[in-house]
Amino acid sequence: MFSKEQHKGEIMTIIYNYDTDGNYINNQVALVDEFGAEILPENSTYLEPLEEKEGYKVKFNGEKWIYEEIPQTPEPTLDELKLAKREEINQARDAAEQGGFEYMGKTFDSDQVSCLRMTSAAQAMALAPEESAIVWTCQDNTTISLNKEQLVGLVAALAQHSNSCHQKATALKAEIDKAKTAEELEKITWSGQN
């Protein structure tokens with residue numbers, strides 16, 4: 001079962017390499033030392049491996065090549081799929097909640113730092129004179145001047161945005177709980193519901 005190959009008139013021996021677990025990697029021409037003797041490196045053999053077979057790995061067991069079945073990953077249960085879908089919805093909710101919201105024709109940032117700034121500014125403006133205003137940078141880097149009442153409205157719009165995201169997530173999770181099949185779960189998406 002030794003394999004020979006002719007190259008430029010010379011006959012060369014082919015060796016077959018495998019990893020430390022015996023899995024076939026590749027073949028190569030055997031190297032020769034200064035005395036002309038072939039060198040068989042560790043994790044190599046002269047024996048030609050078996051043909052590839054779907055669902056199996058070709059492995060060398062120290063004496064010969066064998067087929068080893070590739071373990072099949074079990075299909076997740078419906079409960080496991082539901083848990084994964086709930087996590088998907090939570091991530092989508094968080095992204096939407098922190099992705100910005102509309103107010104007065106502008107889109108405002110709604111990440112954690114921006115939310116803290118808004119509430120701090122609204123609290124500070126509550127103590128400022130009535131005619132006070134603050135210039136706010138919007139998500140697109142344009143600015144808008146907000147008086148005390150508008151700043152309170154901004155915080156209220158933020159709260160409504162956050163609440164809307166959580167209500168949508170709650171409704172989707174109720175659909176997840178009702179789902180009876182994987183196919184039903186696949187149809188439940190953040191973008192699929194308003």
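Points to keep in mind about this one:
- Applying the condition of being of a type in the set (Lys, Arg) and in a loop (DSSP other than H, G, I, E, B) to the range 173-194 and asking which residue is nearest to residue 99 (Cα to Cα) yields 187.
- In the range 24-48, the residues that are closer than 17 Å to residue 61 by Cα reach residues that are surrounded by fewer than 10 Cβ atoms within 10 Å (Cβ to Cβ) with C-beta atoms within less than 6 angstrom, at least six apart or across chains, in these pairs: 47/1; 48/1.
- Once the range 62-82 is narrowed to residues that are charged (D, E, K, R), open to solvent by 60 Å² or more (accessible area, probe 1.4 Å) and within 30 Å of residue 187 (Cβ to Cβ), the residue that is modelled with the lowest pLDDT is 75.
- Pick from the range 89-112, criterion open to solvent by 80 Å² or more (accessible area, probe 1.4 Å) and in a helix (DSSP H, G or I), ranking: farthest from residue 187 (Cα to Cα): 112
- Close contacts from the range 108-135, counting a first residue that is closer than 15 Å to residue 152 by Cβ and a second that is open to solvent by 80 Å² or more (accessible area, probe 1.4 Å) and β-branched (Val, Ile, Thr), with Cβ to Cβ under 6 Å and a gap of 6+ residues or different chains, come to 122/152.
- Near pairs, Cβ below 8 angstrom, 6+ apart or cross-chain, from the range 160-172 (on the phi < 0 side of the Ramachandran plot and aliphatic (A, V, I, L, M)) to any residue that is surrounded by 13 or more Cβ atoms within 10 Å (Cβ to Cβ) and part of a helix (DSSP H, G or I): 169/89; 169/90; 169/92; 169/93; 172/89
- Residue in the range 80-91 that is under 30 Å from residue 12 (Cβ atoms) and free of Cβ contacts under 8 Å to residues at least 12 places away in the same chain present: no
- Residues that are outside any helix (DSSP H, G or I), at pLDDT 95 or above and open to solvent by 40 Å² or more (accessible area, probe 1.4 Å) are absent from the range 150-161.
- Verdict on residue 170 being modelled with pLDDT under 95 and either surrounded by 14 or more Cβ atoms within 10 Å (Cβ to Cβ) or part of a helix (DSSP H, G or I) (or both): no
- Segments classed as strands (runs of 3 or more DSSP E), wholly inside the range 1-61, with at least 1 members that are modelled with pLDDT of 90 or more and either farther than 24 Å from residue 71 by Cα or in contact with a strand residue (DSSP E or B) (Cβ under 8 Å, 6 or more places away or on another chain) (or both): 10-18, 24-29, 56-60
The values are calculated or read from the model by the stated rules, or taken from the named source; none is laboratory data. Owing to the predicted nature of the structure, the values given are computational and were not obtained by experimental measurement. Neighbour counts run over all protein chains shown; Cβ positions are idealised from the backbone, glycine included. Quick note on the areas: whole protein, heavy atoms, side chains included, nothing else; ligands and nucleic acids left out. Shrake-Rupley method; radii C 1.70, N 1.55, O 1.52, S 1.80 Å.
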